[in-house]
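Report on the structure given below.
The values are calculated or read from the model by the stated rules, or taken from the named source; none is laboratory data. Because the structure is a prediction, the values reported are computed rather than measured. For neighbour counting, all protein chains shown are included, and Cβ atoms are generated from backbone atoms with ideal geometry for every residue, glycine included. Ligands, DNA and RNA are stripped out before the accessible areas are found, and what is left, the full protein with its side chains, is counted by its heavy atoms. Shrake-Rupley method; radii C 1.70, N 1.55, O 1.52, S 1.80 Å.
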Amino acid sequence: KHQVMMGIQPTSTFEFIEPFFGLRHVEKTPVDLYRIDSARDFGVSVSGPLNAANTVQYTAQYGNDSSINSETDNYKAVRFAVRYVTNPGFMAEGFYGFYSKPLSANRQTVQAFAGYQNPKGRVGVQYVHHTRQPNEGTTNPEITINVVSGFGVWIVKPSKFTVFGRFDHSDANPDAATIDYLPIYNKAPFNLGLAGFEYYIHPSVRISPNVEWVNYGTPVAGAPAPARNDVVYRLTWFWIW
């Protein structure tokens with residue numbers, strides 16, 4: 001029941017949480033969205049159960065830390081995850097990642113997740129603690145980013161109509177402004193809300209009217225306040241083939 005995988009693969013940061021959330025086509029999970037870690041990496045992983053009932057599982061992964069891109073340096077990432085799974089029912093996961101960087105500017109991520117699901121829907125809560133060391137030889141401070149996220153999905157009618165909502169709170173994140181489709185001001189803590197519903201036109205085709213809003217807290221010392229909060233209205237079309 002144990003397996004070894006080599007090549008481009010989901011990182012152990014996401015391989016469990018993202019399918020449980022089940023709405024990547026609407027929005028990425030926090031660690032991916034806020035550029036804390038990549039959803040994919042090239043490397044090797046070992047995974048499997050730790051008990052006969054297959055309710056306790058592990059994943060250990062060694063990767064390039066360059067997402068789906070070519071290798072560019074000698075620095076690597078190691079990721080470990082242990083989870084408890086009952087399906088349907090309660091599930092929980094603990095995760096640790098270490099990312100080696102040039103000039104000893106290494107990064108670490110600790111993540112905890114707990115969720116519950118049944119035929120009527122699912123709920124989940126996630127906490128992330130991420131640290132970034134400054135470049136060696138500089139006086140820059142260590143960067144710490146804490147993220148708390150909670151979501152709920154209500155299956156009103158299976159394979160026909162679903163309602164969902166999510167709320168994230170994050171410390172100021174230097175990389176938040178680089179999100180391609182949702183640049184977030186990177187010098188203030190922020191709250192992100194997501195709400196919408198999903199209608200199945202066909203078992204393989206869904207439309208999801210949804211709205212995202214970002215409101216900002218007090219900027220870090222010396223930084224100006226953002227001009228305004230953000231609101232984005234969207235209609236997401238998802239087709240599986």
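A compact table of results
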read-out	value
Within-14-Å neighbourhood charge of Ser159 [Cβ basis; K, R +1; D, E -1]	+3
Simple Cβ-charge dipole of the stretch 91-180, Lys/Arg +1 and Asp/Glu -1, about Cα centre, in debye nearest 20	580
Cα-projected label distance for Asn229 with Ser67, points at 7 Å along beta-carbon direction, nm	2.9
Listed residue (Trp241, Tyr185, Ser12) projecting farthest to the positive dipole end of the chain, Cβ model	Trp241
With all protein chains modelled, accessible area of Thr29 [1.4 Å, Å²]	10
Anisotropy class of the chain from Cα gyration tensor, a/c 1.5 cut	oblate
Only Lys, Arg (+1) and Asp, Glu (-1) charged, at Cβ; the chain dipole about Cα centre in debye	700
In the stretch 201-241, trypsin sites (Lys or Arg not before Pro) in a DSSP loop with at most 10 other beta-carbon atoms within 10 Å	Arg228
Solvent-accessible area, 1.4 Å probe, carbon plus sulfur percent, for the stretch 51-188	60
Given charges at Cβ of Lys, Arg, Asp, Glu: the stretch 65-163 dipole, positive-most of Val156, Leu103, Thr139	Val156
Probe 1.4 Å, protein heavy atoms only - accessible area per residue of the chain in square angstrom	52
Net charge contributed by nearby residues that have their C-beta within less than 13 Å of Val214 (K/R +1, D/E -1)	-2
Distance in nm between pseudo-label sites at Phe98 and Val148 (7 Å out along the Cβ direction from Cα)	2.9
